[in-house]
Amino acid sequence: MALELFKPFIINKLIERELAYNVRNAGKMVEAESEESYEILDEIISHHYVLLNRAPTLHRLSIQAFQPVLIEGKA
């Protein structure tokens, strides 16, 4: 799930590091769950938060930010 949520960021880093030469190739690397994709995902997750909105949003405490933690398998 994390690979899919952070896919645009991972694709950008793969191209920046010249591990992939275009978006299509980088997307295939992410879908194949390559080792490089997981290494980049670890770096990206430490700098990005996930926002959770509890509907209906009546006040500002209904939206919370969380820092994701990766685990193996399904949560």
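The values are calculated or read from the model by the stated rules, or taken from the named source; none is laboratory data. Predicted model only: the values in this text are computed from it and were never measured. Quick reminder, even Gly has a Cβ in these numbers, built from the backbone with ideal geometry, and neighbours come from all protein chains shown.
Here is how the numbers come out for the structure above:
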quantity: Near pairs, Cβ below 7 angstrom, 6+ apart or cross-chain, from the range 40-64 (more than 30 Å from Met29 (Cβ to Cβ)) to any residue that is modelled with pLDDT under 85; calculated: Ile63/Thr57
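Results for (1) modelled with pLDDT of 90 or more; (2) part of a helix (DSSP H, G or I); (3) surrounded by fewer than 14 Cβ atoms within 10 Å (Cβ to Cβ), shown as yes or no for each residue.
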position: Gly27; (1), (2), (3): yes, yes, no
position: Glu36; (1), (2), (3): yes, yes, no
position: His48; (1), (2), (3): yes, no, yes
position: Ala55; (1), (2), (3): no, no, yes
position: Gln64; (1), (2), (3): yes, no, yes
position: Lys74; (1), (2), (3): no, no, yes
